[in-house]
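J.: The structure under discussion is supplied below as structure tokens; questions concerning it will follow.
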Amino acid sequence: MNTDQLKQEIIAYSKEIGIDKIGFASADVFGELKERLRRQQSLQYQSGFEKGSVEERTEPQRLLPEAQSILSIAIAYPSRMKDPPKSTKAERRGIFCRASWGTDYHVILRDRLEKLSAFIKEKVPDVENKLMVDTGELSDRAVAERAGIGFSGKNTAIITPEFGSYVYLGELMTNIPFVPDEPVDDSCGECTKCIDACPTGAIVQGGQLNAQRCIAFLTQTKGFLEDEYRTKIGNRLYGCDTCQVVCPKNKKIDFHIHPELEPENEINKPVLKPMLRISNRDFKETYGHIAGSWRGKKPLQRNALIALGHYKDKTAVDEMIAVMSNDPRPVIRGTAAWALGKIGTDEAFTAIKKSMEKEQDEQVLFEMEKGLDFQQELSATK
């Protein structure tokens, strides 16, 4: 088998099926990553969403014993909406991060990788392949870095020379010994814009992220959000793009290559009030196809309440009182009470006091007290 010729055929085919960049890496142990992950664990910086042990995430042969090479692919996604809808006083809007625009990228990348795998199998019938997209054990970024897709920036994203960091990553392990590609030189230099701009200080130092403080992670949690982060989340419903937006490598980067990844303005920048009481069926029909729906509607509704509080949206008070009074989920009732206090109308404070008379959940009662604390703050400033 002429692996060099096969490599060129794979590269050509990847372009035909909508892969924007492909690189080839060895399947050697990711030694430096292993040490970094252990350090992350010891500092309790991990999000908890990671799959597999440190060994499984850094030793490809544990996942495919015959693995000799890893193919890394990148697909570019848009960074700007065309004619984005405006948030008005009557219709305040939230925002999904760019990585949740269009069809769920897991579906798109898996499709490309399955086609790639089938193409290789056609050429080499006895080949052993294993593909992964984001939810697999291997670190997409570590593989992409080794395969020359881009370098790992201080914001922990892979930054490509062509598409900046606005790329989705996936990989295909194989037992074919391809010649590896050369890594791309790190060119962050002395720049610290991402570190300086991170709303919560989650980028501890260049290339190290405390996921527990990262807004992208926090928007996906299901419990009560700590007060410190409620003031930082703004109108974000899912994810955070700050460290990408400020990156000089992303200046003027905006690729609209794949129709299925185009933003759907009313879905990706939705009016907040209708989200508060959306049914499971309507939620699935409206948001089920996007990556930002994977944790269900509860985190998004909690974030919508915080956003409405942040906006001090008086037009949402009646709807929020209904949620506080009737929603069966303590996190939603309590967050509604906090947000009502933040909005700070007499009607809101009266409703919180009334709801406290029948509320049984201690955490919700604690949030109601915090909501009423805003009344004292208002009185002190008058």
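The values are calculated or read from the model by the stated rules, or taken from the named source; none is laboratory data. Bear in mind the structure is a predicted one, so any value in this text is a computation, not a measurement. Reconstructed Cβ throughout: ideal geometry from the backbone, glycine too, with neighbour counts over all protein chains shown.
J.: Is there any pair with a first residue in the stretch 245-265 that is of a type in the set (A, V, I, L, M) and a second that is surrounded by fewer than 18 Cβ atoms within 10 Å (Cβ to Cβ) and not in a loop (DSSP other than H, G, I, E, B) whose Cβ atoms are under 7 Å apart and which are 6 or more apart or on different chains, and what are they?
T.: From residues that are of a type in the set (A, V, I, L, M), the pairs are Val246/Lys193; Val246/Ala197.
J.: Go through the stretch 1-33 residue by residue and tally those that are among the aromatic types (Phe, Trp, Tyr) and surrounded by fewer than 20 Cβ atoms within 10 Å (Cβ to Cβ).
T.: Residues of the stretch 1-33 that are among the aromatic types (Phe, Trp, Tyr), as a first pass: 13, 24, 30.
With surrounded by fewer than 20 Cβ atoms within 10 Å (Cβ to Cβ) added as a condition, the list becomes 13.
Here the count works out to 1.
J.: Sort through Ala12, Ala25 and tell me the only one that's closer than 23 Å to Ile159 by Cβ and not in a loop (DSSP other than H, G, I, E, B).
T.: On the way: Ala12 fails: closer than 23 Å to Ile159 by Cβ.
Just a single option satisfies the conditions, and that option is Ala25.
J.: OK, next. If you check Lys193 against the conditions, is it closer than 24 Å to Tyr77 by Cα and charged (D, E, K, R)?
T.: Numbers: closer than 24 Å to Tyr77 by Cα: yes; charged (D, E, K, R): yes.
When the stated conditions are applied, Lys193 passes them.
J.: Applying the selection to the stretch 218-238, what residues are touching a Leu at 6+ places or on another chain (Cβ under 8 Å), outside any loop (DSSP other than H, G, I, E, B) and among the β-branched types (Val, Ile, Thr)?
T.: Residues of the stretch 218-238 that are touching a Leu at 6+ places or on another chain (Cβ under 8 Å), as a first pass: 218-219, 225, 229, 233, 235, 237-238.
With the extra rule that they be outside any loop (DSSP other than H, G, I, E, B), the set shrinks to 218, 229, 233, 237-238.
Hit for the stretch 218-238 is Ile233, nothing else.
J.: Count, please, the residues in the stretch 239-274 that happen to be in a loop (DSSP other than H, G, I, E, B) and basic (Lys, Arg). Talk me through it step by step, then tell me what you get.
T.: Quick first cut of the stretch 239-274, residues in a loop (DSSP other than H, G, I, E, B) only: 239-241, 246-247, 251-258, 262-264, 269-270, 272.
Right, trim to basic (Lys, Arg) and you get 251-252, 269.
Residues in the stretch 239-274 being in a loop (DSSP other than H, G, I, E, B) and basic (Lys, Arg): 3 in total.
J.: Is there a residue in the stretch 81-89 that is under 24 Å from Glu162 (Cα atoms) and within 19 Å of the chain's Cα centre (by Cα)?
T.: Residues of the stretch 81-89 under 24 Å from Glu162 (Cα atoms): 81-82.
The next check asks that each one be within 19 Å of the chain's Cα centre (by Cα); those that pass are 81.
Checked the stretch 81-89: at least one residue is under 24 Å from Glu162 (Cα atoms) and within 19 Å of the chain's Cα centre (by Cα).
J.: Are there any pairs with C-beta distances below 8 angstrom linking a residue in the stretch 182-201 that is touching a residue at least 12 places away in the same chain (Cβ under 8 Å) to a residue that is among the aromatic types (Phe, Trp, Tyr), with the two at least 6 apart or on different chains, and if so which?
T.: From the stretch 182-201, the pairs are Pro183/Phe151; Val184/Phe151; Asp185/Phe151; Asp186/Phe151; Ser187/Phe151; Cys188/Phe151; Thr200/Tyr229.
J.: Something else now. Counting just the residues of the stretch 61-80 that are among the charged types (D, E, K, R) and more than 22 Å from the chain's Cα centre (by Cα), which one comes out farthest from Leu272 (Cα to Cα)?
T.: From the stretch 61-80, those among the charged types (D, E, K, R) are 62, 66, 80; that's our starting set.
Still in the running and more than 22 Å from the chain's Cα centre (by Cα): 62, 66.
Working: Arg62: 45, Glu66: 50 Å.
Of everything passing the filter in the stretch 61-80, Glu66 is farthest from Leu272 (Cα to Cα).
J.: Just to verify a result, which residue in the stretch 28-39, among those that are in a helix (DSSP H, G or I) and under 15 Å from Leu63 (Cβ atoms), is nearest to the chain's Cα centre (by Cα)? It would help to see each step written out before you state the result.
T.: Step one: filter the stretch 28-39 for residues in a helix (DSSP H, G or I), giving 31-39.
Narrowing further to those that are under 15 Å from Leu63 (Cβ atoms): 33-34.
Working: Leu33: 21, Lys34: 23 Å.
The selected residue is Leu33.
Quick grid of which residues meet (1) modelled with pLDDT of 95 or more; (2) more than 19 Å from Leu276 (Cα to Cα); (3) not small (Gly, Ala, Ser):
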{"residue": "Lys297", "(1), (2), (3)": "yes, no, yes"}
{"residue": "Ile332", "(1), (2), (3)": "yes, no, yes"}
{"residue": "Phe366", "(1), (2), (3)": "yes, yes, yes"}
{"residue": "Lys370", "(1), (2), (3)": "yes, yes, yes"}
{"residue": "Phe374", "(1), (2), (3)": "no, yes, yes"}
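J.: Please tell me if Arg277 is within 30 Å of the chain's Cα centre (by Cα), among the basic types (Lys, Arg) and not in a helix (DSSP H, G or I). Can you show your working first?
T.: Numbers: within 30 Å of the chain's Cα centre (by Cα): yes; among the basic types (Lys, Arg): yes; not in a helix (DSSP H, G or I): yes.
Taking the combined requirement at face value, the residue satisfies it.
J.: Can you say whether Ala99 is over 27 Å from His289 (Cβ atoms), assigned to a helix (DSSP H, G or I) and hydrophobic (A, V, I, L, M, F, W, C), as far as the supplied structure shows?
T.: On the way: over 27 Å from His289 (Cβ atoms): no; assigned to a helix (DSSP H, G or I): yes; hydrophobic (A, V, I, L, M, F, W, C): yes.
Taking the combined requirement at face value, the residue does not satisfy it.
J.: Just give me the residues in the stretch 217-242 being under 16 Å from the mean Cα position of the chain (by Cα), more than 29 Å from Asp254 (Cα to Cα) and not polar (S, T, N, Q), in sequence order.
T.: Lys222
J.: Exactly one of (1) of a type outside the set (S, T, N, Q); (2) under 19 Å from Gly239 (Cα atoms); (3) in contact with a Leu (Cβ under 9 Å, 6 or more places away or on another chain); (4) without any contact (Cβ under 8 Å) to a residue 60 or more places away in the chain is unmet by Ala337. Its number?
T.: So Ala337 meets the others, but not (2).
J.: For the stretch 201-223, name all the residues that are surrounded by fewer than 18 Cβ atoms within 10 Å (Cβ to Cβ) and more than 19 Å from Leu37 (Cβ to Cβ). Break it down stepwise before answering.
T.: Step one: filter the stretch 201-223 for residues surrounded by fewer than 18 Cβ atoms within 10 Å (Cβ to Cβ), giving 201, 204-208, 212, 222-223.
Correct list: Gly201, Lys222, Gly223.
J.: I'd like to verify a number: residues in the stretch 71-96 that are more than 28 Å from Arg302 (Cβ to Cβ) and in a loop (DSSP other than H, G, I, E, B), how many? I'd like the intermediate steps shown before the answer.
T.: Taking the stretch 71-96 first, the residues more than 28 Å from Arg302 (Cβ to Cβ) are 71-76, 82-83.
Now drop any that are not in a loop (DSSP other than H, G, I, E, B), which leaves 82-83.
The number of residues fulfilling the criteria is 2.
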